[in-house]
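What follows is one structure encoded as structure tokens, with my remarks underneath.
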Amino acid sequence: MILDAKEVISDVDKYMEIIEKEGIILQKDGKKIAKIVPIRKRRRDNTEEVLKAIKELTGIAKELNMDADAVREERILGSD
């Protein structure tokens, strides 16, 4: 949504809901001058889950007696 800067500045409370949902572009004298965007919510940190999955996959490769090169080749070429 493009709005006149003076209008938004004079009544910020009126536009807060719009800013939270989609953001706005401010214009002055018909020229776009700024963009106000909502702060994105932080994504859930899934580092622990990713590390667990990597360890499990590493374990599978070891059980199959595969080294890193064999795993890479398998991933690139696929299995026959």
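The values are calculated or read from the model by the stated rules, or taken from the named source; none is laboratory data. As the structure is a prediction and not an experimental result, all values here were calculated from the model. Here the Cβ positions follow ideal geometry from the backbone for every residue, glycine too, while neighbour counts run over all protein chains shown. Remember, those area values only see protein heavy atoms, side chains included, never the ligands or the DNA or RNA. Shrake-Rupley method; radii C 1.70, N 1.55, O 1.52, S 1.80 Å.
Go through 1, 16 and list them by solvent-accessible area, largest first, probe radius 1.4 Å.
Details: 1 105, 16 80 Å².
Most to least solvent-accessible, the answer reads 1, 16.
If the segment from residue 1 to residue 29 were pulled out straight at 0.36 nm per residue, it would be longer than the present Cα-Cα gap by 8.5 nm.
As a test, work out the antiparallel percent of DSSP beta bridges whose residues both lie in segment 1-43, rounded to the nearest 5. Could the numbers behind the result be given before it?
Details: 5 of 8 bridges.
If I count the DSSP bridges inside segment 1-43, around 60 percent turn out antiparallel.
Could you tally the net charge around residue 37, taking each other residue with its Cβ under 11 Å from the Cβ of residue 37, Lys/Arg +1 and Asp/Glu -1? Its environment carries a net charge of +1.
Quote the FRET efficiency, to the nearest 0.05, computed for residue 48 versus residue 73 with a Förster distance R0 of 22 Å and r equal to the Cβ-Cβ distance. Using R0 = 22 Å, I get an efficiency of 0.15.
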